[in-house]
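**Q** Next up is a structure, given as structure tokens.
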Amino acid sequence: MPDSPTRLLILGGTTEATALARQLAGDGAFATTLSLAGRTSAPMASPVPTRTGGFGGADGLARYLAEERIDRLIDATHPFAARISANAAIAARQARVPLLAIRRPPWVAGEGDRWTEVADMAGAVAALGPEPRTVFLTIGRQEVAAFAVAPQHSYVVRTIEPVGDALPVPHLRTIAARGPFDAEAEAALMREAGIAVVVSKNAGGAATRGKLLAARRLRLPVVMVRRPDKPDVDSVSDAAGALAWLRKSRC
């Protein structure tokens, strides 16, 4: 086993990244840095050193890996962060740094679910149809602008960061909140707001699954946006798997 600590970079922004950072905090076998894209102004506190902001594409990330003498790279970004995952795969090859991705399992429709699966946000807008409906958008702030082409709907938008003027429609209600959200509270919100349809990304995980359980209970349709393709790299489903990989790699 090496005497010096393994220099580790975690590309974060997810509950899995936070969980892994917590497990590694204070572990002298690893010198861990958590990298955040900076899209959230008040990210959750991290127990390990954190850097914020982009790297300048795959080449910039490869330079960072080389300059900082990174030994291992963990891609624990959001399932829809396709660009950074692609950059991570390229950079890891260029810098010859072993890469592992944490890929949480997607949600799967079950009995009682009324899902319409679509490929992207344009498909989600089309799936709402022409007739006015009250729509619960739970897709984050970055992509709400896609729904501006359908101003006939009333939108309830829940995000961590303020929506601002990203969705210029006549009927808009915004909710600033960070998960986890339980099914009971989600059902109460949907009833109070008169929600007719839920739009969601298939992010997977437990933190925001409550909306799907609530929609099932209320027999509401869900427009589910499929995940983008990601690079074919070694992967595990959770932080525990990543920790096991890291410890094995030091042997």
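**Q** Once you have a ≥ b ≥ c as the square roots of the Cα gyration tensor eigenvalues for the chain, tell me rounded if a/c is under 1.5, and otherwise prolate or oblate according to whether a/b is larger than b/c.
**A** Verdict is prolate for the chain.
**Q** Let me ask something additional. Suppose R0 equals 41 Å. What FRET efficiency, 1/(1 + (r/R0)^6) with r the Cβ-Cβ distance, do Ala185 and Glu68 give to the nearest 0.05?
**A** Step by step, r from the Cβ atoms, then E = 0.45.
**Q** Whole Å is fine, so just give me how far the alpha carbon centre of segment 106-122 lies from that of segment 167-182.
**A** Between the Cα centre of segment 106-122 and that of segment 167-182, the gap is 20 Å.
**Q** Could you name the lysines in cross-link range of Lys211, using Cα to Cα under 25 Å and dropping any fewer than eight places away on the same chain?
**A** Straight-line reach from Lys211, under 25 Å: Lys201.
**Q** Also, quick follow-up: Could you compute the net charge surrounding Gln152? Neighbours are other residues with a C-beta less than 12 Å from the C-beta of Gln152; K and R count +1, D and E count -1.
**A** Overall, the nearby charge balance is 0.
**Q** Assuming R0 = 22 Å, can you tell me the calculated FRET efficiency for the pair Ala29 and Asp59, based on Cβ-Cβ distance, to the nearest 0.05?
**A** Working: r = 30 Å, r/R0 = 1.36.
After rounding to 0.05, the efficiency reads 0.15.
**Q** Here is a further query. Just to be sure I understand: with springs between alpha-carbon atoms less than 10 Å apart, which residue in Asp229, Asp27, Asp59 has the highest mean-square fluctuation in the Gaussian network model of the chain?
**A** In the Gaussian network model the winner is Asp27.
**Q** Within a Cβ distance under 10 Å of Ala214, other residues only, what is the Lys/Arg minus Asp/Glu net charge?
**A** +2
Each reported figure results from applying straightforward, stated rules to the coordinates on display, with no laboratory input. Since the model is a prediction, treat every value here as computed from it, not as a measurement. Neighbour counts run over all protein chains shown; Cβ positions are idealised from the backbone, glycine included.
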